[in-house]
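The values are calculated or read from the model by the stated rules, or taken from the named source; none is laboratory data. Bear in mind the structure is a predicted one, so any value in this text is a computation, not a measurement. Glycine gets a Cβ as well: all are built from the backbone with ideal geometry, and neighbour counts include every protein chain shown.
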Ligand SMILES: Cc1cc2nc3c(=O)[nH]c(=O)nc-3n(C[C@H](O)[C@H](O)[C@H](O)COP(=O)(O)OP(=O)(O)OC[C@H]3O[C@@H](n4cnc5c(N)ncnc54)[C@H](O)[C@@H]3O)c2cc1C
């Protein structure tokens with residue numbers, strides 16, 4: 001690879017066309033045994049719908065608690081967002097400490113944030129204690145200000161995070177280069193908590209833990225409907241027959257469908273997309289990421305990225321609220337990546353892919369029961385550690401343990417009638433885009449970060 005600096009006046013280099021349209025992570029994920037076609041039981045204690053982090057973590061914990069549990073995955077285990085994501089594993093929500101306190105009061109805000117710290121520790125603890133090779137590097141993360149007003153809020157946010165136990169500091173624009181190889185942002189918020197990992201290797205490790213604990217994992221089984229009987233048990237109708245279950249957990253996040261209509265009314269499935277460069281020379285990788293943090297910015301149409309263990313830039317973003325295709329999103333992401341890191345003008349893109357996240361109206365994850373059915377979903381794009389955590393906490397709650405703090409939040413309905421196809425997304429997208437533009441001009445606009 002020849003290095004070249006792309007100046008804003010020179011035309012942007014075109015994206016090479018020979019990239020593969022599949023997640024880079026899948027190329028280095030340990031092969032999982034085929035779990036399709038296994039015989040399904042007639043009766044179990046718990047059926048878990050969805051085989052991503054949430055479902056598999058719940059299956060593991062339920063089995064450890066002694067419950068006969070089946071996890072049913074319509075495709076293959078991990079086929080959803082859990083093996084496609086950006087690998088950024090950090091505590092916290094979309095909202096910073098100030099907004100959390102304003103919305104929920106100091107006590108609940110503290111309890112909510114504490115759960116996310118525990119979530120990041122749970123994932124790191126399992127990886128370290130169980131000897132899972134998941135390329136875990138907890139070097140913290142850096143949030144980057146898309147607009148001057150966002151940077152102005154960082155000192156207050158830093159104090160808030162520090163007070164909550166995650167040491168943080170605001171980085172002025174002039175000092176950003178010590179943290180990230182770009183001049184594209186107005187300032188940074190460095191938080192020394194969490195970091196990055198290989199999401200698919202972590203998922204494969206979690207599957208191993210669940211199976212060793214005794215959870216029964218099934219692939220290629222689509223749940224079609226859930227019916228509650230007079231005795232309180234559930235008939236779980238699948239495309240391979242019915243299962244009688246004492247309890248049910250819906251763990252389908254961005255892929256939630258008609259099998260769980262009450263949950264579908266509360267989440268908006270939306271695409272998030274990624275590209276992966278070829279491995280970069282070591283000195284360039286160090287220039288881009290001197291401290292090895294995870295990065296994301298404060299836009300509604302956010303970008304997020306990090307440098308992987310093998311020195312690739314893994315660059316993702318929410319580039320479209322319209323139905324779209326990977327070849328197009330790869331072009332948009334490539335352009336964005338060069339705006340942030342012109343040093344990558346000659347770096348080839350080797351992989352491009354997408355997956356679905358689940359936005360909620362309050363951008364918070366949710367756990368609770370609707371019609372007796374337990375759910376844990378709505379991670380709004382930050383579910384890597386929270387999905388493992390809420391799957392585990394849902395299992396504990398179903399087994400008679402304490403309810404998590406997040407269960408105190410009301411789970412708002414999406415205020416637009418829709419059955420499956422969220423027709424209103426382009427309108428929401430235009431609204432967010434306008435907010436991003438206004439923020440840069442200093443005329444308001446939040447950092448709501450969809
Ligand atoms: C491109 C991308 C980048 C991301 N980056 C990050 C990041 O850097 N950091 C972060 O914290 N989060 C990130 N996320 C979000 C994170 O990946 C998710 O929040 C998390 O994986 C959710 O896990 P889950 O198990 O709840 O859902 P999923 O992993 O999506 O699994 C849900 C599963 O349910 C199955 N299913 C649906 N309906 C049925 C049915 N009726 N019957 C049986 N099975 C069914 C689906 O097939 C799917 O496999 C990203 C997501 C994407 C798409």
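Restricting to segment 211-220, give me the number of residues that are assigned to a loop (DSSP other than H, G, I, E, B) and over 14 Å from residue 52 (Cα atoms). Number of matching residues: 1. Within segment 338-363, the set of residues being more than 22 Å from residue 83 (Cβ to Cβ) and surrounded by fewer than 22 Cβ atoms within 10 Å (Cβ to Cβ) comprises 338, 339, 342, 343, 345, 346, 348, 360, 361, 362, 363. Looking at segment 198-208, is at least one residue in a loop (DSSP other than H, G, I, E, B) and either under 22 Å from the mean Cα position of the chain (by Cα) or not assigned by TED's automatic domain parsing to the domain that holds residue 59 (or both)? Yes, some residue in segment 198-208 is in a loop (DSSP other than H, G, I, E, B) and either under 22 Å from the mean Cα position of the chain (by Cα) or not assigned by TED's automatic domain parsing to the domain that holds residue 59 (or both). When 107, 115, 121 are checked against the criterion of being away from the ligand (no atom under 16 Å from the Cβ) and assigned to a helix (DSSP H, G or I), 107 stands alone in meeting it. Of the residues contained in segment 54-75, none is found to be within 15 Å of the ligand (Cβ to nearest atom), more than 19 Å from residue 364 (Cβ to Cβ) and free of Cβ contacts under 8 Å to residues at least 40 places away in the same chain. Restricting attention to segment 370-383, the residues being over 16 Å from the mean Cα position of the chain (by Cα) and either near the ligand (Cβ under 6 Å from one of its atoms) or crowded, with 18+ Cβ neighbours inside 10 Å (or both) number 3.
Can you find a residue in segment 134-141 that is part of a helix (DSSP H, G or I) and touching a residue at least 24 places away in the same chain (Cβ under 8 Å)? No.
Take segment 273-284 and flag every residue that is in contact with a strand residue (DSSP E or B) (Cβ under 8 Å, 6 or more places away or on another chain) and either surrounded by fewer than 20 Cβ atoms within 10 Å (Cβ to Cβ) or more than 30 Å from residue 335 (Cα to Cα) (or both). Across segment 273-284, the qualifying residue is only 278. Counting residues in segment 257-272 that are free of Cβ contacts under 8 Å to residues at least 24 places away in the same chain, surrounded by fewer than 21 Cβ atoms within 10 Å (Cβ to Cβ) and either more than 14 Å from the ligand (Cβ to nearest atom) or closer than 29 Å to residue 328 by Cα (or both) gives zero.
The requirement of being assigned to a loop (DSSP other than H, G, I, E, B), more than 27 Å from residue 90 (Cα to Cα), more than 14 Å from the ligand (Cβ to nearest atom) and in contact (Cβ under 8 Å) with a residue 60 or more places away in the chain is not satisfied by residue 246. Residue 66 satisfies every condition listed in (1) more than 30 Å from residue 150 (Cβ to Cβ); (2) part of a loop (DSSP other than H, G, I, E, B); (3) touching a helix residue (DSSP H, G or I) at 6+ places or on another chain (Cβ under 9 Å) except (3). For residue 230, state whether it is outside any strand (DSSP E or B) and either near the ligand (Cβ under 7 Å from one of its atoms) or within 23 Å of the chain's Cα centre (by Cα) (or both). Judged against the criteria, residue 230 is not a match.
Sort out which residues of segment 111-125 are closer than 26 Å to residue 311 by Cα and in contact with a helix residue (DSSP H, G or I) (Cβ under 7 Å, 6 or more places away or on another chain), and write them in order of number. Listed by number, the residues that qualify are 120, 123.
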